[in-house]
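The values are calculated or read from the model by the stated rules, or taken from the named source; none is laboratory data. As the structure is a computational prediction, the values presented were derived from the model and not from experiment. Glycine gets a Cβ as well: all are built from the backbone with ideal geometry, and neighbour counts include every protein chain shown. Just so you know, the surface numbers come from the protein's heavy atoms only, side chains and all, with ligands and any DNA or RNA stripped out. Shrake-Rupley method; radii C 1.70, N 1.55, O 1.52, S 1.80 Å.
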Amino acid sequence: NPFLRGQAFTKVVFMFPHVGGKMKIHLNRELLQGIFESSQHVLDTEGILIITLCAGQGGTPYETKIRRNDDTWKILEISQDCGFCLVDIGHFPAKQFPEYSQVGYRSLQKGFNIQDSIVHVFQKGDDLPYKPIQDLETIGGYLSTKENKHKNEKNCRQLYPLTHQHHLSFWCDNQISETELQKIGEACLGEVIQQIQTIDRYKDPCSGRTSQTISVVYQSLDHPVGPKRSYHLHYHIFGQSLANVFKVKLR
């Protein structure tokens, strides 16, 4: 729309988004993703995105209608992969809006149940330019500036930060200690890496090389880390940093 091009809004509100029809949960997830991606371009710096869903659809811990995670729209996973933080949540106060009328049940001009529906309030998180560590000489500089490097400029603490655990295996000449691993993790990703633990070791009797497998836990209260983002951070930032610094070969 030419009128909206270049405009920045303080709020974007989407009440009960739905693609229509039944048994199309994957399409509704795609719809949510589209809302988040589009909103990035029209919200101002401190703007908020408000999405209201029927009970059970979002799948957050706030829900009173509990569904299996794979039977929800996974709003936390999608929002954090799109760079948004959930900063507030509550039930839709329908009684305060007596003139509000929702329709669309089975794609018809027919009302649907909004009891215990949930209002989700999101804010754009900081887009931090994480980069792999190149060598041991640069670690000191990374560590000395990490408080500013990974600082949350918007000061928005997200509700229900997701936790992701990934494994990483690599060949190395000598085993790398967890202290060394943690040092690299802090340098390249700051508080996003919560824990690093070695879970397996193997020495090839022929080559003499050591295989090491580690478990890494990712979570952040300050920065959105969805499933796809955590995978990227794990392999392309942390894993590549290990390859650069210790000359390991990722498996």
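Taking every residue in region 15-44 that is in contact (Cβ under 8 Å) with a residue 60 or more places away in the chain and farther than 24 Å from Phe97 by Cβ and pairing it with any residue that is among the aromatic types (Phe, Trp, Tyr) and assigned to a strand (DSSP E or B), at least 6 positions away or on another chain, the pairs with Cβ-Cβ distances below 7 Å are Phe36/Phe84.
Conditions (1) of a type in the set (D, E, K, R); (2) part of a strand (DSSP E or B); (3) out of contact with any strand residue (DSSP E or B) (no Cβ under 9 Å at 6 or more places or on another chain); (4) closer than 16 Å to Gly226 by Cβ, marked per residue:
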position: Gly47; (1), (2), (3), (4): no, yes, no, no
position: Thr52; (1), (2), (3), (4): no, yes, no, no
position: Glu63; (1), (2), (3), (4): yes, no, no, no
position: Trp73; (1), (2), (3), (4): no, no, no, yes
position: Leu76; (1), (2), (3), (4): no, no, no, yes
position: Ser79; (1), (2), (3), (4): no, no, no, yes
position: Ile89; (1), (2), (3), (4): no, yes, no, no
position: Lys95; (1), (2), (3), (4): yes, no, yes, no
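Counting only residues that are within 31 Å of the chain's Cα centre (by Cα) and touching a residue at least 24 places away in the same chain (Cβ under 8 Å), region 201-232 holds 22 of them.
The residues listed here are Leu43, Leu49, Leu27; of these, the one that is within 30 Å of Phe3 (Cα to Cα), hydrophobic (A, V, I, L, M, F, W, C) and open to solvent by 50 Å² or more (accessible area, probe 1.4 Å) is Leu27. Among the residues of region 170-180, the one identified as open to solvent by 30 Å² or more (accessible area, probe 1.4 Å) and assigned to a strand (DSSP E or B) is Trp171.
When only residues in region 198-223 that are at pLDDT below 95 and over 20 Å from Trp171 (Cα atoms) count, which is surrounded by the fewest Cβ atoms within 10 Å (Cβ to Cβ)? Selected residue: Leu221. Within region 205-251, the set of residues being assigned to a helix (DSSP H, G or I) and farther than 16 Å from Ala187 by Cβ comprises Pro227, Lys228, Arg229, Ser230, Tyr231, His232, Tyr235.
Restricting to region 58-68, name every residue that is out of contact with any helix residue (DSSP H, G or I) (no Cβ under 7 Å at 6 or more places or on another chain) and either free of Cβ contacts under 8 Å to residues at least 24 places away in the same chain or among the basic types (Lys, Arg) (or both).
The first filter runs over region 58-68 and keeps only residues out of contact with any helix residue (DSSP H, G or I) (no Cβ under 7 Å at 6 or more places or on another chain), leaving 61-68.
Scanning region 58-68 gives Lys65, Ile66, Arg67, Arg68.
Could you list all residues from region 13-46 that are more than 20 Å from Phe112 (Cα to Cα) and among the β-branched types (Val, Ile, Thr)? Residues satisfying the conditions are Ile35, Val42, Thr45. For region 181-198, the set of residues classified as assigned to a helix (DSSP H, G or I) and without any contact (Cβ under 8 Å) to a residue 24 or more places away in the chain consists of Gln182 only.
Within region 163-185, one or more residues are of a type outside the set (Val, Ile, Thr), in contact with a His (Cβ under 7 Å, 6 or more places away or on another chain) and modelled with pLDDT of 95 or more. Screening Gln123, Gln134, Gln115 for residues that are touching a strand residue (DSSP E or B) at 6+ places or on another chain (Cβ under 6 Å), of a type in the set (S, T, N, Q) and either modelled with pLDDT of 85 or more or open to solvent by 100 Å² or more (accessible area, probe 1.4 Å) (or both) leaves exactly one candidate, Gln123.
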